[in-house]
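Student: Sharing a structure below in structure tokens format, with a few things to ask.
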Amino acid sequence: MSLLQSNTVSETHAEHRLRALLESGLPLTARPWQTLAEGCGMRESEVMACVQRWQAEGLIKRMGLVVRHHALGVCANAMVVWDVPDDAVGELGRRLATEPAVTLCYRRPRRLPDWPYNLFCMIHGTRRDRVLAALDEIVERQALQAIPHRVLFSLKAYKQRGGRYTREDDSHDRRTPQPA
Amino acid sequence: MAALDLLDRRLIDTYQRGLPICERPYAAMAEQLGVSEAEVVARLQALQDEKVLSRVGPVFDHARAGASLLAAVAVPEAQRDEVAAVINRSAGVNHNYAREHRYNLWFVMTAADEAQLEERLDALEAELDQPLLRLPMLEGFHIDLSFPIPWAELEAP
């Protein structure tokens, strides 16, 4: 959280505005950075420099086309949760993250007695049986037979969109939920 | 499912990451792909209109862009849609899925900072009159959302 604090403190009003605009995506104009610059009171060159700095700092993880996988037919989405001994969870998380089928991998707290799982990963695929086959291969390859896990397929997406973190965006953060 | 031609696929395969930061990024992408800038812009617009793309732009790191938290709630299946609608109306919710488990609604709550996040979660918990399973990220091992689209599998399912 210290990084967040320092980011927030050093961010100018114009930069904050830029971040809010960027959360909705890049305009499809010939000079999108210029369009954004006009919206936040910066120069085009300043906007580009700021975005490059955010990329270098890791605030922006990637810049490009954000695909809605469901619309393409990549419809099977499994959240696989694991109950890993605490002293092994970091190492296993790093190993799972190297698996090509794993798109996200996080450590989270257990909430006993209701929720014993402390490692989460996502596997996306075109069909449920293919996702399960990919999971079987991972269990085999990483020798995870002794680690309890559960597979939570998604049944329906009620909402799916990019994060909005800036305060001024709160008034227009409504969007129609997409059927799964 | 949207029908995408080779150019659409090349755009997606090439630019899920690494969109050029230059004055005319769509012209730079067009040059790379051997088409016109107008064609790239038209394709991106069409892909957005067809909801194949949610946007062109940055994916922020939640842990650094603000505060966020994965939460779940266990509700009777008959009330699931109704409760999901309440969650969707709650400010800051950006993902909300039904999943196969007793905890059957899973959503991500976001906020500008930790204090606002907690306020939002507390307010929603009170409105739902149900305890939320609160599962903050403690460590991210792989936090990039782009992965290669399996075009061949999609064509021959």
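Each value in this text was obtained by applying a stated rule to the coordinates, not by laboratory testing. Being a predicted model, the structure only gives us computed values, none of them experimental. Note: ideal-geometry Cβ built from the backbone for every residue, glycine included; neighbour counts use all protein chains shown.
Student: So for the range A:2-65, what are the equivalent ellipsoid semi-axes in whole Å, largest first, each being the square root of 5 times an eigenvalue of the Cα gyration tensor?
Tutor: Listed largest to smallest, the semi-axes of the range A:2-65 are 20, 14, 10 Å.
Student: About the Cα centre, and with charges only on the beta carbon of Lys, Arg (+1) and Asp, Glu (-1), how big is the dipole of the range B:6-49? Nearest 20 debye, please.
Tutor: Here the size comes out at about 140 debye.
Student: Per residue of B:11-21, how many C-beta atoms from partner chains lie within 10 Å of its own C-beta, taken as a mean?
Tutor: 4
Student: Another question about this same structure. If we restrict to alpha carbons, what Rg and Dmax does the range A:69-153 come to, in Å?
Tutor: According to the Cα coordinates of the range A:69-153, Rg and Dmax are 12.8, 40 Å.
Student: Shifting gears a bit: Of A:ALA157, B:GLY140, B:ASN94, which is farthest on the positive side of the dipole of the protein assembly as shown, counting Cα position, with +1 on Lys and Arg Cβ, -1 on Asp and Glu Cβ, and the Cα centre as origin?
Tutor: Positive-end residue among those listed: A:ALA157.
Student: Check which residues have an amide H placed less than 5 Å from B:LEU105's amide H, if you skip close sequence neighbours.
Tutor: The answer is B:VAL73, B:VAL75, B:ARG99.
Student: Here is a further query. Given the Cα atoms of the protein assembly as shown, and with Rh set as the inverse mean 1/r over their pairs in the Kirkwood sense, what is Rg to Rh to two decimals?
Tutor: 0.96
Student: Also: Is the shape of chain B best called rounded, prolate or oblate, per the rule: a/c under 1.5 gives rounded, else a/b larger than b/c gives prolate, else oblate, with a ≥ b ≥ c the square roots of the Cα gyration tensor eigenvalues?
Tutor: Judged from the Cα gyration tensor, chain B comes out prolate (a/c at least 1.5, a/b above b/c).
Student: Ignore the peptide's own chain and count Cβ atoms of other chains within 10 Å of each Cβ in B:41-53; give me the average, rounded.
Tutor: For peptide B:41-53, the averaged partner shielding equals 3.
Student: A further question follows. Quote the FRET efficiency, to the nearest 0.05, computed for A:LEU155 versus B:GLU37 with a Förster distance R0 of 51 Å and r equal to the Cβ-Cβ distance.
Tutor: Once the sixth-power term is evaluated, E becomes 0.75.
Student: With +1 on each Lys and Arg Cβ and -1 on each Asp and Glu Cβ, how big is the dipole of the protein assembly as shown about its Cα centre, in debye rounded to the nearest 20?
Tutor: 280 debye
Student: Here is a further query. Which Cα, out of A:THR29, A:CYS40, A:MET63, lies furthest along the positive dipole direction of the range A:2-65 (beta carbon charges, K/R +1, D/E -1)?
Tutor: Result: A:MET63, furthest along the dipole toward the positive end.
Student: Pairs of alpha-carbon atoms within less than 8 angstrom and 6+ residues apart define the contacts here; what relative contact order does chain B have, in percent?
Tutor: 20 percent
Student: Tell me which of B:ALA156, B:VAL59, B:GLN45 sits at the most positive position along the dipole axis of chain B, charges placed on C-beta atoms (Lys, Arg +1; Asp, Glu -1).
Tutor: Result: B:ALA156, furthest along the dipole toward the positive end.
Student: If you place +1 on the Cβ of every Lys and Arg, -1 on the Cβ of every Asp and Glu, and leave all else neutral, what size is the dipole of the range B:49-157 about its Cα centre, to the nearest 20 Debye?
Tutor: Dipole size: approximately 40 debye.
Student: In whole percent, what relative contact order does the range B:62-135 give with Cα contacts below 8 Å and a gap of six or more residues?
Tutor: The normalised contact order for the range B:62-135 reaches 42 percent.
Student: Between the range B:29-77 and the range A:92-131, how far is it from one alpha carbon centroid to the other, in angstrom?
Tutor: 23 Å
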